[in-house]
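Heads up: the structure comes next, in structure tokens.
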């Protein structure tokens, strides 16, 4: 949905003959709009010199006009202003028209995460499809929006490849043979060791040592032959048990090991699949992983702080991880036939028709249409007539159904059927198919009449963690917290796993609020934070034991509490060296207020002339001097600048530390440039468009709390977008307002908000 955020609407001209039909609207447009949006000029690609009936039929345009008028963004400040009563009347007329054009949820396919969880719940097997299915496109924060779910030839082939992979794994012809591999220090290899004298990754007697002392990521990988450097490769799909003998050394707090997939000889494409805490005194660990044929394992020292990038010969000082033995056993099979085989083939003598009907109902919970059903039956019959086994025939049917629109796309009628309502709810809270209890409640009419018992049951289920993880990852952009640095030459006390903890804090706050029915006001400000041992140390709070997050009461003078005070958010909106007030302010508008602030594509954006500026503030304020920028930046900049007393990793500061890289050392012994630091005072005071001044985090929180209703409605809108799979519009205001009003008496509980979203009639409509 396009929304204008620029000085492009409304001044004066006379209505042409074509603009008739709705006298009041036509007169208002004529008097206030057509100079910028008429036949001679139509800024922002908005042209209003046409019949009002045509304008009223364009829902996207109505949304744009109503939004900029209601926000007071148009007419421009230097243009004649219509009476406020006239503006209010026009907005009301437009809103009425918008509500009559009820938004329709577009056709949606399963996202990669939904596909993964669906396979897990249907067949009881953990799959990882990151290497098979392409990532989903994200628009306005989420990847669930149906308008983005177009199917390219590349995606079609990816779904086919994935379906074949699944079918071969859940319906094998014979029980896989399990075996065990033993590795000791003779089979261990690390990063190429340039350093000597104890630096880098190295062998020490019967142990191999990871130090993190490298110009690139250190790792430990394994070879079958002690004489060869060829890396051990997983031979077949299945669950593998890893038994590791190892310890953290020279570390009082313990360290964290990363288990990665990738070639350890060329560790540029590692993908972390699990992190294992190795507390002080630990002698190793046992874990189980679902792996596929061709996977290569490597361990990395994920909590290590790289102390420098030098090739100079010097011993390492600091924590290490030491390993002496690894046992890999797999693929593990608890019983045969597997649960997946029993689910897919409940009878040993199923006919082609029975097979198709059973698998189709298992995957979609609805019968196939006549012609489609017959096509799938023909696939099964052809296989059976050719002498294929029941397993092989079932594989063919499963592949065909998994690649069909019946499975890949979510079926939704204009008024959702009982089963469709169950599917929407299940993909909202579990990112997967409904279970038997939910389907039973749906088919009995219980879910439509009173969804509360099922919603509450689902929220208590462990699968709700998928919703918590996926929603917060996308809403708060938690997966991007570690996209930059921090540069260890500047922020020497920030370790990798501290940054990892920063990325988890927002999710843990959401989880805690959901489980304990806490108010959504805690997203704005709170008297506690969620912290583990590392984050508590970073914030200077009382000690917390272990990696698990717990609520920690804040001291009276602490500014922490709320999303905008979290180190993860403050780091996300920064670069390696510097904060970004514009990024921070725009994040608040997008993710808390749920505002659109992208500039129209046809507006020419000129970079401001920042010559002569000496501070970040002076440079950025130049944006507000440009007509094409001022409307947005008058809202963005004050929000971002109020946070300038927090550095790129979220620590309190009293002044800027400007970082300059000096030329590289010419002797060839170092990769590291010398850094020069210059201290610059911070001036964060700015005024919001309504005249309120914000100059630091407390005044910012006070301003946000004064906007509590707008922010809570913005967050409710985010939840509705995620649940419905589309962006919210002004037509969703009744839904948002109803949820807000219903939870007001429950202290704006996050849990109550989810109940209210599902209970609203709009949840049952396409």
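The values are calculated or read from the model by the stated rules, or taken from the named source; none is laboratory data. Predicted model only: the values in this text are computed from it and were never measured. Cβ placement follows ideal geometry from the backbone for every residue including glycine, while neighbour counts extend to all protein chains displayed.
Miscellaneous remarks
- Some residue of region 394-411 being within 30 Å of residue 752 (Cα to Cα) and touching a strand residue (DSSP E or B) at 6+ places or on another chain (Cβ under 6 Å): yes
- Of the residues making up region 365-378, those that are modelled with pLDDT under 95 and either crowded, with 19+ Cβ neighbours inside 10 Å or not in a helix (DSSP H, G or I) (or both) are 365, 366, 367, 368, 369.
- Region 350-373: number of residues that are over 24 Å from residue 169 (Cβ atoms) and without any contact (Cβ under 8 Å) to a residue 40 or more places away in the chain: 9
- Considered as a group, the residues in region 291-319 that are within 29 Å of the chain's Cα centre (by Cα) and more than 30 Å from residue 181 (Cα to Cα) include one that is modelled with the highest pLDDT, and that residue is 305.
- Only one of the numbered conditions (1) within 30 Å of residue 376 (Cα to Cα); (2) within 16 Å of the chain's Cα centre (by Cα) is not met by residue 413, and that is (2).
- Residue 559 surrounded by fewer than 21 Cβ atoms within 10 Å (Cβ to Cβ) and within 30 Å of residue 717 (Cβ to Cβ): yes
- Being modelled with pLDDT of 70 or more and at negative phi is a property that does not hold for residue 34.
- Count of region 725-745 residues which are in contact (Cβ under 8 Å) with a residue 40 or more places away in the chain and outside any helix (DSSP H, G or I): 5
- A residue that is over 21 Å from residue 563 (Cβ atoms), outside any loop (DSSP other than H, G, I, E, B) and touching a residue at least 12 places away in the same chain (Cβ under 8 Å) cannot be found anywhere in region 702-723.
- Just so you know, in region 138-151 the residues that are outside any strand (DSSP E or B) and modelled with pLDDT of 85 or more include one that is surrounded by the most Cβ atoms within 10 Å (Cβ to Cβ), and it is 144.
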